[in-house]
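One structure is given below, encoded as structure tokens.
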Amino acid sequence: MSNKKSQKEMAQAVTTQPSRLKYPIVGILMMLCIGNIYSWSVFSKPLQAEGWTAAQTTLPFQLSIVVFTIAMVFAGRWQDRSGPKPVAVFSGIMMGAGFILIRFFGQTQTGMLICFSGIASIGMGAGYVTPLSTALKWYPDKRGLISGIVVLGMGAGSIFGGIGGPLLIENFGIWNTFLIFGIVFGAVITACGLVLKNPPHGYSPPASIDALETKKKETAIKPYDYSAKEMLGTASFYLIWLVFLIGTSGGLMVISQASPFGQNVIGLKPVVAGSVITVLAIFNGVGRPVFGLLSDKIGRKNAIFVAFAIQLIALTAVLPYASSYVIYAIGVSLMGFSFGGFLAMMPSITSDYFGLKNIGLNYACVYTGWGAAGYLGPQIVNVLVGGSLARGDWNNAFYFAAVSCVIGMVLWFFTNPPVREQVPT
């Protein structure tokens, strides 16, 4: 009798599960807006036409990466304590206000740094961590796939910005384009933010009665939820951070120099070389759900090794020998595909190792590895290539990144979840 009653209660639990599909959808919409940070280059030439130097057009983007990463840390802590909704709404207001204010105060570099690198980038950092951590809490059974799907929007955002930005600039001018971006981004992110909420206490994902019974038998304990302070006291965190740094620095190196390499070394026309950025963005986006799903199927450990192996192939067997657009595009696409994979897998790795309760702040700390890569990747080219047009100098940069990948694989081999006494459910 009690067994039938138990089955009836579980059946009711299955049928009364709250809908969770809307959270990755909302996350993608938010990420599509935030991902326009990658399309900053569409403003470079229009700003130079306004009298800016090349260095002046680059600085706002470089600083925005730093501010973006720092904002994630504070936003992650805030959303772990107060829930995702207020943080996401704050993100929409800040990002929208930043772009709108550029219309009126961005004509000077100081104004641009305050409005874009400061206000808008704080909004972007807050908006990145919030839908991602929320979706992971609703999908603890599909962490890799869901993190890949959500961050797909981040990669795809650069495609929309890269296509829509020039069209808006041509028809409305650069300053009105910032205004339009601000209105759209602010409205979309704020509206999406109002939808976000964490699952109820004790939430389990939808499953069949048999699956629930199996889970009850097999799962008597749950992983320990590390606080950020506890996480920072583990060796696992620093190994993951270094692997993230190495895994994304090569991708950012290629992303930052895709067009110059095509023009200066292969001899492609600017328009043709620039088109590979769209190809790169597509593979960057596709790599996220693919690697997310792959990591659910073969394990995070193996999937990270696959991502590093793809980079090694591109850096040693394709890009150094690129003499045509096709080979060049293949090499860049492989790097973008792997780069997207690292961004998809790191949120789920963080939750696997350190728990879901404090995923907002914990992943924000891990994500600073990407922030460091944003500086290191382009610097590899600056130091080893400089303004050289010689293929040998560019190849030195590729081989340096390849050696770094090998080091990353060795570090990942020794990376394991921290050992902590488990907590009974």
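The values are calculated or read from the model by the stated rules, or taken from the named source; none is laboratory data. The structure presented is a predicted model; accordingly, all values stated were derived computationally and were not measured. A quick note on method: Cβ atoms are made from the backbone with ideal geometry, for glycine too, and the neighbour counts reach across all protein chains shown.
When only residues in region 210-224 that are touching a strand residue (DSSP E or B) at 6+ places or on another chain (Cβ under 9 Å) and of a type outside the set (A, V, I, L, M, F, W, C) count, which is modelled with the lowest pLDDT?
Going through the qualifying residues, I end up with Lys222.
Among (1) touching a Ser or Thr at 6+ places or on another chain (Cβ under 8 Å); (2) closer than 25 Å to Ser275 by Cβ, where does Leu132 come up short?
Looking at each condition in turn, Leu132 falls short on (2).
Write out, first by first residue and then by second, each pair whose Cβ atoms fall under 7 Å of each other, whose residues are 6+ apart or on separate chains, and whose first residue, in region 124-143, is in contact (Cβ under 8 Å) with a residue 60 or more places away in the chain and within 22 Å of Ile93 (Cβ to Cβ) while the second is assigned to a helix (DSSP H, G or I) and among the acidic types (Asp, Glu).
Going by the 7 Å Cβ cut-off, there are no qualifying pairs.
Report yes if Thr57 is in a helix (DSSP H, G or I), more than 17 Å from the chain's Cα centre (by Cα) and at pLDDT below 90, otherwise no.
Against the criterion (in a helix (DSSP H, G or I), more than 17 Å from the chain's Cα centre (by Cα) and at pLDDT below 90), Thr57 qualifies.
Would you confirm, using the coordinates I've provided, whether Leu63 is surrounded by 21 or more Cβ atoms within 10 Å (Cβ to Cβ) and not acidic (Asp, Glu)?
So Leu63 does not fit the description; no.
Restricting to region 181-203, what's the tally of residues that are surrounded by 16 or more Cβ atoms within 10 Å (Cβ to Cβ) and either over 25 Å from the mean Cα position of the chain (by Cα) or under 21 Å from Gly92 (Cα atoms) (or both)?
Number of matching residues: 12.
Among the residues of region 57-78, is there at least one that is β-branched (Val, Ile, Thr) and either closer than 16 Å to Gly106 by Cα or touching a Phe, Trp or Tyr at 6+ places or on another chain (Cβ under 6 Å) (or both)?
Yes, region 57-78 has at least one match.
Pick from Ala373, Ala364: which is over 28 Å from Tyr399 (Cβ atoms), crowded, with 22+ Cβ neighbours inside 10 Å and small (Gly, Ala, Ser)?
Ala364
Search region 390-416 for residues being surrounded by fewer than 12 Cβ atoms within 10 Å (Cβ to Cβ) and over 18 Å from Ile240 (Cα atoms), and hand back the single one that is modelled with the lowest pLDDT.
Out of the qualifying residues, it is Ala390.
Pick from Phe308, Phe291: which is more than 13 Å from Gly148 (Cα to Cα), under 19 Å from the mean Cα position of the chain (by Cα), in the same structural domain as Val243 (by TED's automatic domain parsing) and assigned to a helix (DSSP H, G or I)?
Phe308
Would you check which residues across region 95-108 are under 27 Å from the mean Cα position of the chain (by Cα) and either part of a helix (DSSP H, G or I) or not assigned by TED's automatic domain parsing to the domain that holds Gly173 (or both) and list them?
In the first step, residues of region 95-108 are kept if they are under 27 Å from the mean Cα position of the chain (by Cα); the result is 95-102, 106.
Scanning region 95-108 gives Met95, Gly96, Ala97, Gly98, Phe99, Ile100, Leu101, Ile102.
Could you please tell me which pairs satisfy a Cβ distance under 6 Å, a separation of 6+ or placement on different chains, a first residue in region 78-97 that is of a type in the set (Asp, Glu), and a second residue that is at pLDDT below 95?
Listed by first residue and then by second, the contacts come to Asp80/Asn358; Asp80/Gly360; Asp80/Leu361.
Every residue, every condition in (1) in the same structural domain as Ile327 (by TED's automatic domain parsing); (2) within 23 Å of the chain's Cα centre (by Cα); (3) at pLDDT below 85, yes or no:
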| site | (1), (2), (3) |
| --- | --- |
| Tyr226 | yes, yes, no |
| Trp241 | yes, yes, no |
| Leu245 | yes, yes, no |
| Leu268 | yes, no, yes |
| Leu280 | yes, yes, yes |
| Phe283 | yes, yes, no |
| Val286 | yes, yes, no |
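Assigned by TED's automatic domain parsing to the domain that holds Phe178, of a type in the set (Lys, Arg), assigned to a helix (DSSP H, G or I) and touching a helix residue (DSSP H, G or I) at 6+ places or on another chain (Cβ under 7 Å): does that describe Arg81?
Working: assigned by TED's automatic domain parsing to the domain that holds Phe178: yes; of a type in the set (Lys, Arg): yes; assigned to a helix (DSSP H, G or I): yes; touching a helix residue (DSSP H, G or I) at 6+ places or on another chain (Cβ under 7 Å): no.
Here the answer is no, as Arg81 does not meet what is asked.
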